[in-house]
1. Show the residue pairs meeting these rules: Cβ distance below 8 Å; 6+ apart or different chains; first residue within region A:62-89 and on the phi > 0 side of the Ramachandran plot; second residue open to solvent by less than 40 Å² (accessible area, probe 1.4 Å).
2. Looking at (1) within 13 Å of chain A (Cβ to nearest Cβ); (2) touching a helix residue (DSSP H, G or I) at 6+ places or on another chain (Cβ under 7 Å); (3) β-branched (Val, Ile, Thr), which is the one condition that is false for B:ILE74?
3. Restricted to region A:97-133, and to residues that are within 9 Å of chain B (Cβ to nearest Cβ) and in a loop (DSSP other than H, G, I, E, B), which residue is surrounded by the fewest Cβ atoms within 10 Å (Cβ to Cβ)?
4. Select from region B:61-106 the residues that are within 19 Å of B:TYR3 (Cα to Cα) and of a type in the set (D, E, K, R) and write down the one among them that is nearest to the chain's Cα centre (by Cα).
5. Counting only residues that are without any contact (Cβ under 8 Å) to a residue 24 or more places away in the chain and either open to solvent by 30 Å² or more (accessible area, probe 1.4 Å) or among the small types (Gly, Ala, Ser) (or both), how many does region B:23-58 have?
6. Can you pull out every residue in region B:2-18 that is within 14 Å of chain A (Cβ to nearest Cβ) and not charged (D, E, K, R)?
7. Just give me the residues in region B:59-86 being of a type in the set (Gly, Ala, Ser) and touching a residue at least 60 places away in the same chain (Cβ under 8 Å), in sequence order.
8. Select, from B:LEU127, B:LEU108, the only residue that is open to solvent by 60 Å² or more (accessible area, probe 1.4 Å), away from chain A (no Cβ under 14 Å) and among the hydrophobic types (A, V, I, L, M, F, W, C).
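The values are calculated or read from the model by the stated rules, or taken from the named source; none is laboratory data. In this text the structure is predicted, and so the values were computed from the model without any measurement. Counting neighbours? That spans all protein chains shown, and the Cβs are built from the backbone with ideal geometry, glycine included. To get the accessible areas, we keep the full protein, side chains included, count just its heavy atoms, and leave off ligands, DNA and RNA. Shrake-Rupley method; radii C 1.70, N 1.55, O 1.52, S 1.80 Å.
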Amino acid sequence: MIYLTRKIEFSASHYYHSPALSAEENRRLFGKLNNPHGHGHNYMLEVTVAGEPDPVTGMVLDLKELKEILQHEVMEVFDHKFINEQVPVLAGQVPTTENIARAIWGLLAGKITRGRLHHIRLYETPDLFVDFYGDGAAR
Amino acid sequence: MIYLTRRYRFSASHRLHSLRLSEPENQRIYGKCSNPGGHGHNYALEVTVAGEPDPRTGMVVDLTRLDAFVEKEILERFDLSYLNDDRDCFAEKVPTTENLCMEIYHRLRAGFGDASVDRVRLEETSLNSFTYRGEEGDNA
């Protein structure tokens, strides 16, 4: 099995606020992340696809195709957006790195038809990242 | 399951030298790492916790609390220290990065109750790193 990983970077802003909590609880739990004007990150996304290389082409999947999927499903949705207000797949959720990773998985899962989407890693900063292997799946 | 990883940094020195080995054996096995004055590294520590995000907060762990725990229990203990002097950790063991990685893992598993500690990865240099997930069964 070959695991192929492609990276993309997008920039977006967000703030943390849960409607399930009071204003005071939100401030206490999230601190300055609760500032309603938001703050931003350069997110780095790694998408790993697993598969066997095609015997003719030697490729697990066509990278051009993967690049187009990432452009359409991720870049156009997240890049230079205010996630709380402009990204419908996260409506009603706190846009933590955990939830963003899960949402990105949902956007990509049905779209990669050659090979199998194995896992994604989303860096919010170089010192904080999340790995996700699909709902219910462990490493 | 979400695996969330946080990176930290600390600097420390150590000397690789085992009391169970003869002087020539120490020299042969550890080479310049056994220099009596010790030597140091800038370590990068990755702590991974695993869990499902809380439906209200969207978080697997409150990072402020993870940071506070690592700062107090790991970084304050090891940062700018000579690891061989730490008798609690290295009275019996050589402070290799393997042993330090396992020591940090066990301290996190024993003391941090907010989320399940999945693994510890410790970079000794940009070329060497060590990962520990516990023995079989720890993460069951």
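1. Within 8 Å, the pairs are A:HIS80/A:PHE10; A:HIS80/A:SER11; A:HIS80/A:ALA12.
2. Exception for B:ILE74: condition (1).
3. This residue is A:PRO126.
4. B:ASP67
5. Here is the first cut: in region B:23-58, the ones without any contact (Cβ under 8 Å) to a residue 24 or more places away in the chain are B:23-37, B:54-58.
So of that shortlist, the ones also either open to solvent by 30 Å² or more (accessible area, probe 1.4 Å) or among the small types (Gly, Ala, Ser) (or both) come out as B:23-25, B:27-37, B:54-56, B:58.
Total meeting the criteria: 18.
6. Going through region B:2-18, the residues within 14 Å of chain A (Cβ to nearest Cβ) turn out to be B:2-10.
Of everything in region B:2-18, those that are within 14 Å of chain A (Cβ to nearest Cβ) and not charged (D, E, K, R) turn out to be B:ILE2, B:TYR3, B:LEU4, B:THR5, B:TYR8, B:PHE10.
7. Going through region B:59-86, the residues of a type in the set (Gly, Ala, Ser) turn out to be B:68, B:81.
Result: B:SER81, single match.
8. On the way: B:LEU108 fails: open to solvent by 60 Å² or more (accessible area, probe 1.4 Å).
None of the other options fit; the residue is B:LEU127.
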